[in-house]
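Taking it in order: structure first as structure tokens, then the write-up.
Values quoted throughout were computed directly from the atomic coordinates according to the rules given, and no laboratory measurement underlies them. Please read these numbers as outputs of a predicted model, since none were measured by experiment. With ideal geometry, Cβ positions are generated from the backbone for all residues, glycine too; neighbour counts draw on all protein chains shown.
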């Protein structure tokens, strides 16, 4: 035991080694470079218009989005804890960045981003990445859907070509301004925006491998140029785009400014931490790899420091661009580094052409971004969750749209924690000996065998059958453990027994995790047997439409029946395969 403990303590440094170092140690050849270069180029094509559009939506100039994609994108990939993470500006920051610039100017945003970078460094070094991922699903879905609504609202002016000198920052005032200026709608701008939107949606529908955003922007720009249409462009509003990175600078730093900007900096740090880890988890699910969450937070901190010093805006892991990177064949973090280099090359060569892009086309692009962020299907699913989760979801969503993102996250997390304590108090008698929060193992790239469990009598398991037991409530703080189960097994079993008698409670985050687990088993052809499912989880799973008629999901009363059912299924499969 002492030897095992010592080994664990000696391995703590391993949690902060960038994935780039790991892959270089394992060997990196020309084949890897070829795949990474193609993936990096593909992501750069997607990121180029997106970075400019997000910067404009955030209340700043388009080149700042490009600076962020270049500097932060390179650092996140080079120093991060994920093989496939793509970093840069994202929609999650639009609201908070717009508000900071509105109140304190761009110089205030730079200081807030530097402070957020330092916070992220401390989050990672103190291994808080283990706990940031415990933010409940209703809170995450509530504020991301709220941000999507705000992004959509902020683009109405450019979509319709409304003649509004100064657009208000808050949601209600924005729509008041829109309604009072409807008489100034420009039909030409509306046609350009609608055409760009139609092209983006058509390409995504029928040619999903092509860069829909870039194609829509290019066609929209060509139509405006060839027809000589009088619509507002990047150049007419913002002037020229520089074709080089600026020199690093630091803002004025005083204790008073630090005190005033501290809440905004904390919000930026939390958003960057949450979204980067969510993106890394998505990448893990797509590839079967495992990220180092605390290493990722350290990289996010350094990247935000670099972005702020080189004239950028806050950055984090971008889920859609990370998924594109994986689908494009990326093998290592080099793909993300090359993506940043390609964006730099595009800026150096194409800066004179970028100013010709119509703002109506960028607004159409952001409408698609807002729709993707809204996660309507997930929002609808959570509306079927228990009442407490629905309240957290709707309150977080409403506060994000109508009040402030910082307030929304704080209230949502506090309310979710209170709700969890109430639920735990109802199950304390049956759950007094369970551990509900486990320390993150963070074993990187090692597929660990299942932990031996004497209660499961693993020696009695027939070949092709696996069994795991959930002990304690499957709530928002424990869902990551379930996601790791299949990775730890390594080989895909034919039958998977999930023992649930000692799981007295499940919340909406647990349902989402269990649903994803069942979907993954279903796609792999694995039959899942749930044994001993208790009344509360059964009721919640049924209400959220996870339990339905499905031959790949079997319910039994106890483990003995589950084991016999598994034997029968394996025997039946063996009989069918025999000639």
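Between the Cα long axis of helix 387-402 and the first principal axis of the chain there is an angle of about 10°, rounded to the nearest 10. From its DSSP helices (H runs of at least four residues, each -39,500 (n - 2.57)), the chain gives a residue-normalised ellipticity at 222 nm of -20500 deg cm²/dmol.
Give the label of the value calculated from the structure for Cα Rg over 2.2 N^0.38 Å, choosing from (i) 0.96; (ii) 1.02; (iii) 1.19. Label (ii) holds the value from this structure. Judged by the mean number of other Cβ atoms found within 10 Å, the most tightly packed of the peptides 514-526, 306-318, 388-400 leads the ranking 306-318, 388-400, 514-526.
Among 123, 84, 238, a tally of other beta-carbon atoms within 10 Å of each Cβ gives an order, fewest to most, of 238, 123, 84. Among 240, 232, 63, the ranking by other beta carbons within 10 Å of each residue's beta carbon, starting with the fewest, stands as 240, 232, 63. Taking the chain as the reference, fit the longest principal axis to its C-alpha atoms, fit the long axis of helix 508-523 to the helix C-alpha atoms, and give the angle between the two in degrees, 0 to 90, nearest 10. Taking the Cα atoms of the chain, the angle to 508-523 is about 80 degrees.
The order of 276, 173, going from fewest to most other C-beta atoms within 10 Å of their C-beta, is 173, 276. Against the chain, whose longest principal axis comes from its Cα atoms, helix 334-354 is set at around 20 degrees.
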